[in-house]
Each structure stands twice: as C-alpha cells, then as structure tokens.
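Some notes on the structure that comes next.
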Amino acid sequence: MAYFDPDWCSLPWSPWIPFTAERYAFRDIPREAGLYRIRPVGKDFLMYIGETRRPVHERLSELRLVLNRAGKMPWNDPYTVAPSLWAWQDAEGFAYECSGAPLDAAINGRKGMERFLLYRYRQERGESPLCNFGRFHPRYRRSTNRKENLRGGKLEASHKDNPAGGPSYPPLSPTGKPGDPDWMGLSWSNSEPLAPEKTSLAPAGPGLYVLIDAGSQEVIYIGQSGNCADRLLDHSRKSWDGKELAFSFHGVEKPVLPHQLKERENDLIGHFFELYRKAPEYQFRNQG
C-alpha cells in the first residue's frame, strides 16, 4: 500500500488527519495549493485523489464540514466529490481521514500530477478510487447542482443500480510511448491530418484519441469520447494556435461505462506524465 506512504510518488504528504478531528489538528495540512487523498479509516484503499489551486487546508476543511453537517446528500457544487463520499458514508458507515501535499506548479503541472497519482494508484491497486472519474455507490443517485435543486439519495429497492457504480476498468499496461501503434497495449490507427473530411475515419462510438503536432510529432492532447468522430470534428474546427495537427484513435468495444473511458484516458495521461514529467501541452488549457 505505497499509496498510503508519507513520500508516495516523491511528494511530502502530511500525516493522516480524521475528518472528525478538532480544528487545531488540521494545522498539519498544507496551506498552499497542491494535492490531497482521502481514505476510509481502517480500510486499505483510497476514496479520492484530488488537486486544488486553493490552499489544501482550506479545501479539505470545507469539504469535511460539508460532510459532517449533512443530514442529506450534499449538492454537486461546489464539491463534486461530496455526494459520492456522502453516499458511501451513509451506506457503509465510513469515517474519513485525509492527507495533503503542497505542489508549487502551474495548472498543467498540478493537474498532470493529479493524473499521475491516479495512474500510479491504479497500477498499485488494480482499480480506481471509489469516488474519482464520476464513480458512485451503485444504490444511490447523485444530487444535482444547487440551482437544479434535485437532491440525491438512496435508490428504491425496485430501481436498477446506478451505472456509475459499475466496476473499475483494469489499468492499462505501461508499455511503449505516445505515438507508438501499440502504446499502452492498445491498437492505434495510423495518424491522419486533423481535417473535417478525415475525422469520419474515427468511430461514431466510444474510443480514445491523441492529437499530434505534425511538425514536432509530439502528442499535445489526449482525449476520450462516446463518439470519437464527432469529438474530433469539433477539434478540427479550432485554431490550435495555428499548429498543423494529426490524430490517431483507438476504438473501444461496447458496452463501456463513462467512468471506464475516463479511467483509460487517465492511464494514458498518467503514463505520458511518467515519461516526460509534464502533461500534454494543451491538456488542461482553459481549466482553473
């Protein structure tokens, strides 16, 4: 369980602090931007790995208050993980504790490290944290954002399971490098120019894709979609700072759950980060 260690992935993690601890106990949580991990007390797995541009101390303090005072499932905003943590807490009686690590990095570096941590956890554990990638308890429905005003909760016995409670997809094998035809054990198409008339070569169904700078041959973006052809068509209409781009894709067999596509996308981004110690150039543009 290296993912519990105080130096996991060479980061200076704080001690584990219970969500129920007195306020003064949270002084060990970093007061800088960075990363955090949440686990159930007494269990051997993680619930969530996250990042924040705000002080980690502030983020975790507010999240624990939301969970500790919630008699009902919290809204999906401002903390998208809160409904999922609440559902597992309500169903299984979990008590949570957390650990944080400061990271002085721009958005691409911080989010890239978050994806790398998720990738490493999946490699070590064989599955994703229970609350990342939109995963949810199978017998609960998620609250909407506060404005939409639809509170989540436990499903009636007659209702089918929430698909977001489906199994985690096994981690991809970290082989090759971005741009290889068999990168991460997948079968990638030959690259084609990112032009509207070429995007129909990709499946009108679920898959993974990469965008490649035609000049440098560097992968600048990694994505997933339930309809790869449509997503690539959207990408072909953007300027990309005047770069000439190409694309390559891997079609995914059906059926596939949304969180399973996101898990595979994350494995690709995490491996890219492992190789180059950065995220693809355009991966997190326009994200806060």
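What follows draws every value from the coordinates through simple rules; no lab data is involved. Small disclaimer: the values here were computed from a predicted structure and weren't measured. Reconstructed Cβ throughout: ideal geometry from the backbone, glycine too, with neighbour counts over all protein chains shown.
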Cα pair distances of region 60-150 binned at 10 Å [whole percent]: 14, 41, 35, 10
Residues listed by number, region 12-38, amide nitrogen under 17 Å from ARG69 label point at 7 Å toward C-beta: 19-24
Relative contact order computed over region 183-276 (Cα-Cα under 8 Å; 6+ residues apart), in percent: 37 percent
Partner lysines for LYS111 [C-alpha distance under 21 Å; skip if fewer than 8 residues away on the same chain]: LYS177, LYS262, LYS278
Stretchable slack from ASN286 to GLU148, in nm (0.36 nm times residue separation minus alpha-carbon distance): 47.2 nm
Convex hull volume per residue for the chain, taking Cα atoms only, in Å³: 141 Å³
Given charges at Cβ of Lys, Arg, Asp, Glu: region 14-158 dipole, positive-most of TYR119, VAL41, CYS131: CYS131
Angle between the chain longest axis and helix 82-92 axis [Cα atoms, degrees, rounded to 10]: 60 degrees
In degrees, nearest ten, helix 258-276 long axis to first principal axis of the chain (Cα): 80 degrees
Which of TYR276, TYR169, LEU186, positive extreme of dipole for the chain (C-beta unit charges): TYR169
Against the rule of thumb 2.2 N^0.38 Å, how large the Cα Rg of region 2-165 comes out: 1.02
Surrounding net charge for SER189, when Lys and Arg each add one and Asp and Glu each subtract one, Cβ distance under 14 Å: -2
The chain - charge dipole about Cα centre, Lys and Arg +1 at Cβ, Asp and Glu -1, debye rounded to 20: 1020 debye
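Summing Lys, Arg as +1 and Asp, Glu as -1, what charge do residues with Cβ under 13 Å from the Cβ of PRO102 carry, PRO102 excluded? Show your work: numbers first, answer last.
Values: positive: ARG31, ARG53, ARG54, ARG59, ARG110; negative: ASP28, GLU32, GLU51, GLU58, ASP104.
Around PRO102, the charge tally is 0.
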Between helix 107-125 and the chain: long-axis angle, C-alpha atoms, 0 to 90°, nearest 10: 80 degrees
Hits among lysines - C-alpha to C-alpha of LYS238 under 17 Å, sequence gap 8 or more where chains match: LYS198
ASP28 versus SER239: modelled label distance in nm, points set 7 Å from Cα along the beta carbon direction: 5.0 nm
Separation in nanometres of the label points that stand 7 Å from Cα toward Cβ, at LYS43 and ALA106: 3.7 nm
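Taking 8 Å as the Cα distance limit and 6 or more residues as the minimum spacing, I'd like the relative contact order of the chain as a percentage. Write down the numbers at each step before the final one.
Working: 559 pairs, mean separation 50.8, N = 288.
Once divided by the residue count of the chain, the mean separation gives 18 percent.
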Label-zone membership for region 215-247, site SER189, 7 angstrom Cα→C-beta point, backbone N under 14 Å: 223-236, 246-247
